[in-house]
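Quick notes on the structure that follows.
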Amino acid sequence: MLAQFRKPVNIYFLLISLLTFLPFSPKEPSLFIGTFILVLAFGVIKEVLEDRKRQKADDELNNSLANVYNYGNLYYEEAPSKNIKVGDIVVITSG
């Protein structure tokens, strides 16, 4: 939720919403607070959907197979990318 306040437009909406609580404001505070909450809610929903999409892409890449050199058997074998460790020799092919 705090990430939403990195956007200048959300800070602007927050300031305007707070100003409506002052006695000289001609606007009803609930109108601006409701709008502000909706803007934040849509931002949070958008971020959740983007995170799920990114997680799905990460899982797909981590489960893809790679040719890794097996030091014990002295040949290359297919293994999931998530099992590759520092120092492993990997065959990289284009395509």
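In the stretch 15-65, of all residues being at pLDDT 85 or above and among the acidic types (D, E), the one that is farthest from A3 (Cα to Cα) corresponds to E60.
With under 30 Å from V90 (Cβ atoms) and outside the structural domain of V91 (by TED's automatic domain parsing) as the only criterion, which of E28, E50 stands out? Please lay out each step first, then the result.
Working: E28 fails: under 30 Å from V90 (Cβ atoms).
Selected residue: E50, the only one of E28, E50 that is under 30 Å from V90 (Cβ atoms) and outside the structural domain of V91 (by TED's automatic domain parsing).
Contact annotation: residue pairs with Cβ atoms under 8 Å, 6 or more positions apart or on different chains, pairing a residue in the stretch 10-37 that is without any contact (Cβ under 8 Å) to a residue 40 or more places away in the chain with a partner that is loosely packed, with under 14 Cβ neighbours inside 10 Å and among the small types (G, A, S), are L19/S25. If you go through the stretch 66-95 and keep only what is at pLDDT below 90 and either assigned by TED's automatic domain parsing to the domain that holds K7 or basic (K, R) (or both), you end up with nothing. Assessment of the stretch 77-89 against the conditions (part of a loop (DSSP other than H, G, I, E, B) and surrounded by 12 or more Cβ atoms within 10 Å (Cβ to Cβ)) yields at least one matching residue. Every residue in the stretch 28-58 that is exposed (fewer than 12 other Cβ atoms within 10 Å of the Cβ) and either not in a helix (DSSP H, G or I) or not hydrophobic (A, V, I, L, M, F, W, C) (or both), please. The answer is E28, S30, K46, E50, D51, R52, K53, R54, Q55, K56, D58.
The values are calculated or read from the model by the stated rules, or taken from the named source; none is laboratory data. A quick note: this is a predicted structure, and the numbers were derived from the prediction, not measured. Glycine also receives a Cβ, built like all others from the backbone with ideal geometry; neighbour counts cover every protein chain displayed.
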